[in-house]
Amino acid sequence: MELVFIRHGLSEWNALNLFTGWRDVNLSEKGIEEAKEAGRKLKAAGFEFDIAFTSVLTRAIKTCNLVLEESNQLWVPQIKTWRLNERHYGGLQGLNKAEAAAEHGDEQVHIWRRSYDVLPPALDPKDPNSAHNDRRYAHLPADVVPDNENLKVTLERVLPFWEDQIAPAILSGKRVLVAAHGNSLRALAKHIEGISDADIMDLEIPTGQPLVYTLDDNLKVISKRYL
């Protein structure tokens, strides 16, 4: 069985070196081309999908659409879920990474970005940019909507969707595409690859590059490769 992950193409805020998280920004022109090229690669390699999963953030949704369009599979059903959203960077969202490093120190910012269980500063729920004020999350209990997350918390919210939706789809024989974000995909990779808390800090998933897992009947990884 094969499973394909793709991190969204380069976003406008990626290009500006800003912390993005749950802020809903668009793909850059380069990101659009990355997503299209990913679709062409998947088509050339003969990949066909039965279902696609993505987040409720524009950059992932557009990436999913472009990948499917370029591979002549735009008709494939898509399921969108907040559980595949990027990690919530809390009060860092919207800040320039270099400026944050100058203010807080390179080491502290690196810990906020890459550590498994250290939380960044929280975003005030009353902030206009808080997810609490975004109607796409209005159906969720207030205590479920995050004000900040580390990778550990991100995995805790991604894992139920893996167990309830993605894994059963794979086990039923469906060919699955997951178009999401750097940290939600890192969380899933940690789970399916059995990566340690320490080693996950070194895992980086590049934008717009299809990551193909070959899995056994127990969803254990046999191999992984980028197209």
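Placing R0 at 30 angstrom, the Cβ-Cβ distance between Asp124 and Thr58 gives a FRET efficiency of 0.80 after rounding to 0.05. Annotated for region 1-146: lysine pairs at least 8 residues apart or interchain, Cα distance under 30 Å, count 18. Under a 5 Å amide H cut-off, with hydrogens placed 1.01 Å from N, Ser11 pairs with Ser28 among residues at least 5 apart or on other chains.
Solvent-accessible surface of region 2-226, averaged per residue with a 1.4 angstrom probe and all protein chains in place: 45 square angstrom. For region 206-227 versus region 4-64, the inter-centroid distance based on Cα atoms is 17 Å.
Between the helical axis of 182-193 and the longest alpha-carbon principal axis of the chain there is an angle of about 60 degrees.
Measuring nothing but how far apart in sequence close Cα pairs (under 8 Å, 6+ apart) lie, relative to its length, the chain scores a relative contact order of 31 percent.
Using only side-chain charges placed at the Cβ, +1 for Lys and Arg and -1 for Asp and Glu, the dipole size of region 2-226 relative to its Cα centre rounds to 580 debye.
Could you tell me what percent of the accessible area of the chain is made up of carbon and sulfur, with a 1.4 Å probe and every protein chain present?
Percent of accessible area from carbon and sulfur atoms in the chain: 49.
To the nearest 500 deg cm²/dmol, what mean residue ellipticity at 222 nm is calculated for the chain from DSSP H runs of n ≥ 4 alone, each contributing -39,500 (n - 2.57), summed and divided by the residues? Mind dumping the intermediate values first?
Details: 8 runs with 78 residues, N = 227.
Per the formula, -10000 deg cm²/dmol.
On a 0 to 90 degree scale, rounded to 10, what angle separates helix 58-70 from the longest Cα axis of the chain? Tilt of helix 58-70: around 20 degrees.
The values are calculated or read from the model by the stated rules, or taken from the named source; none is laboratory data. Since the model is a prediction, treat every value here as computed from it, not as a measurement. A quick note on method: Cβ atoms are made from the backbone with ideal geometry, for glycine too, and the neighbour counts reach across all protein chains shown. Just so you know, the surface numbers come from the protein's heavy atoms only, side chains and all, with ligands and any DNA or RNA stripped out. Shrake-Rupley method; radii C 1.70, N 1.55, O 1.52, S 1.80 Å.
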